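The values are calculated or read from the model by the stated rules, or taken from the named source; none is laboratory data. Values in this document were obtained by computation on a predicted structure and should not be read as measured data. Don't worry about glycine lacking a Cβ; one is built from the backbone with ideal geometry, like all the others, and counts go over all protein chains shown. Protein only, heavy atoms only, side chains kept; ligands, DNA and RNA dropped before computing areas. Shrake-Rupley method; radii C 1.70, N 1.55, O 1.52, S 1.80 Å.
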Amino acid sequence: MKQPIIVKNSGYVELKLIRDDRDGNLIILEALRDVPFEVKRLYYITNLENSFSIRGQHAHRELEQVIFCIQGSFTLGLDDGQNQQQVLMNKVNVGIKLGKMLWHTMEDFSIGCVLLVIASDYYSEADYIRDYAEFLQLVKK
Ligand code: TYD
């Protein structure tokens, strides 16, 4: 059973997985069906050979994203300003929604780990909140 997601503006996104015994797995994501937004951007993160790496450590004002671990595993830290939790990301077809105002960190990467993120909008540094104290101030409002 999947661990319940207790933070706000999050939740699981489970994609259809077609398992073909000899020929691998096919995983499908359809915008506005599997995710509640149009996909304007996707990015992926590779070469996470350094197990000390910590990525993320920010929240977004408006951007909505869904994060997947499409190879290997990592630990996703989620913090809505009130509740915190850690989720082990190790299922190729199970993502987590990173909604607005959700502080997130990615760490404990396995060797060969690959992250895939789909996003509701283009990159905008102005949408980032990179200071945790500022994040806490903004979520309290
Ligand atoms: P960042 O989002 O901070 O990475 P992570 O959360 O994975 O640790 O982005 C790292 C750098 O890359 C930062 O300088 C902004 C830049 N960047 C872009 O130019 N476009 C993008 O779409 C993203 C996601 C990042």
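In the stretch 27-45, is there at least one residue being of a type in the set (Ser, Thr, Tyr) and part of a loop (DSSP other than H, G, I, E, B)?
Taking every residue of the stretch 27-45 in turn, none turns out to be of a type in the set (Ser, Thr, Tyr) and part of a loop (DSSP other than H, G, I, E, B).
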Would you confirm whether any residue within the stretch 77-84 is within 16 Å of the ligand (Cβ to nearest atom), within 12 Å of the chain's Cα centre (by Cα) and either among the hydrophobic types (A, V, I, L, M, F, W, C) or surrounded by 14 or more Cβ atoms within 10 Å (Cβ to Cβ) (or both)?
yes
Find all pairs meeting these conditions: Cβ atoms under 6 angstrom apart; at least six residues apart or on different chains; first residue within the stretch 120-133 and at pLDDT 95 or above; second residue surrounded by 13 or more Cβ atoms within 10 Å (Cβ to Cβ) and of a type in the set (Gly, Ala, Ser).
ILE129/ALA59
Identify, please: which residue in the stretch 23-35 is open to solvent by 50 Å² or more (accessible area, probe 1.4 Å) and touching a residue at least 40 places away in the same chain (Cβ under 8 Å) and is, among those, nearest to the ligand (Cβ to nearest atom)?
LEU29
Tally, over the stretch 104-134, of residues that are buried (at least 20 other Cβ atoms within 10 Å of the Cβ) and over 21 Å from SER51 (Cα atoms):
3
Answer with yes or no whether LEU102 is within 14 Å of the ligand (Cβ to nearest atom), of a type in the set (A, V, I, L, M, F, W, C) and over 9 Å from the mean Cα position of the chain (by Cα).
yes
What's the total number of residues in the stretch 1-40 that are within 14 Å of PHE68 (Cα to Cα) and among the basic types (Lys, Arg)?
1
When (1) in a loop (DSSP other than H, G, I, E, B); (2) under 20 Å from PRO4 (Cβ atoms); (3) within 15 Å of the ligand (Cβ to nearest atom); (4) not small (Gly, Ala, Ser) are applied to VAL66, the one that fails is (1)
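Answer with yes or no whether ILE70 is surrounded by fewer than 18 Cβ atoms within 10 Å (Cβ to Cβ), over 14 Å from the mean Cα position of the chain (by Cα) and more than 23 Å from GLU125 (Cβ to Cβ).
In short, no.
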Looking only at residues in the stretch 49-63 that are within 14 Å of the ligand (Cβ to nearest atom) and of a type in the set (Gly, Ala, Ser), which one is nearest to the chain's Cα centre (by Cα)?
GLY56
Is it true that ARG61 is in contact (Cβ under 8 Å) with a residue 40 or more places away in the chain, open to solvent by 50 Å² or more (accessible area, probe 1.4 Å) and touching a helix residue (DSSP H, G or I) at 6+ places or on another chain (Cβ under 9 Å)?
yes
